[in-house]
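The values are calculated or read from the model by the stated rules, or taken from the named source; none is laboratory data. A quick note: this is a predicted structure, and the numbers were derived from the prediction, not measured. Note that we place each Cβ from the backbone using ideal geometry, even for glycine, and neighbour counts take in every protein chain shown.
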Amino acid sequence: MKLDSKYFDSVRVKPDHERLPRQEGPVCQWKGCAAPGHHRAPMGRGQEGRYYLLCLDHVRQFNASYNYFEGMSNAAIEAYQKDSVIGHRPTWKVGANSWAHGTRHGMSQDGGLGPRFNDPHRFFGWRADQAAGTGPEQRRPLRPLELKSLEALNLSASAERHEIKARFKELVKRHHPDSNGGDKRSEDKLREIIQAYNYLKQAGLV
């Protein structure tokens, strides 16, 4: 390699500011600092969730002097620390919570909906109807043996309690041996009726 080669004269070198990698990302927000600001520092009380972006040296300096309670009295600091135990949520005395006041998250003490509860499609209206005694009685789907017992009493699946009781009394009187002169078929039918009624009673339908 010849140092006096003519090709050295044609070599061009970029200036330093062009050869150095460009700085990417935020710049430190400390006054007069141009270093990268990759560390967050809180802006202070009342501005929760907002941060300054500082370089490592300045975030250390910031943290050393940061005081969240700056400007607060001792009484205010004690009250804040006491409330922080429960996450600054409202509380009630025993027996004076939302249930005692009758709000129940929008529901009144009698089970109805409170005045501020918006239920345009009446998803929860059935609760108020039940409390007032105006809504239809809610019944679970009947089991096969329950349906068979209702059929033994000549009743449909929608029969109510009072209908089942009235039909049972009617059929017992009709098929009683004293009314049929000891007919064997009536005795068998009476036994079937009693068994069906007892099963419905155990199932809670009577």
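Results for (1) exposed (fewer than 12 other Cβ atoms within 10 Å of the Cβ); (2) part of a loop (DSSP other than H, G, I, E, B); (3) at pLDDT 90 or above, shown as yes or no for each residue.
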position	(1), (2), (3)
Glu18	yes, no, no
Gly44	no, yes, no
Glu48	yes, yes, no
His58	no, no, yes
Phe62	no, no, yes
Ala76	yes, no, no
Lys82	yes, no, no
Gly87	yes, yes, no
Pro90	yes, yes, no
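Say we look at the range 132-181 and pick out the residues that are assigned to a loop (DSSP other than H, G, I, E, B) and basic (Lys, Arg); which of these is modelled with the highest pLDDT?
That would be Arg143.
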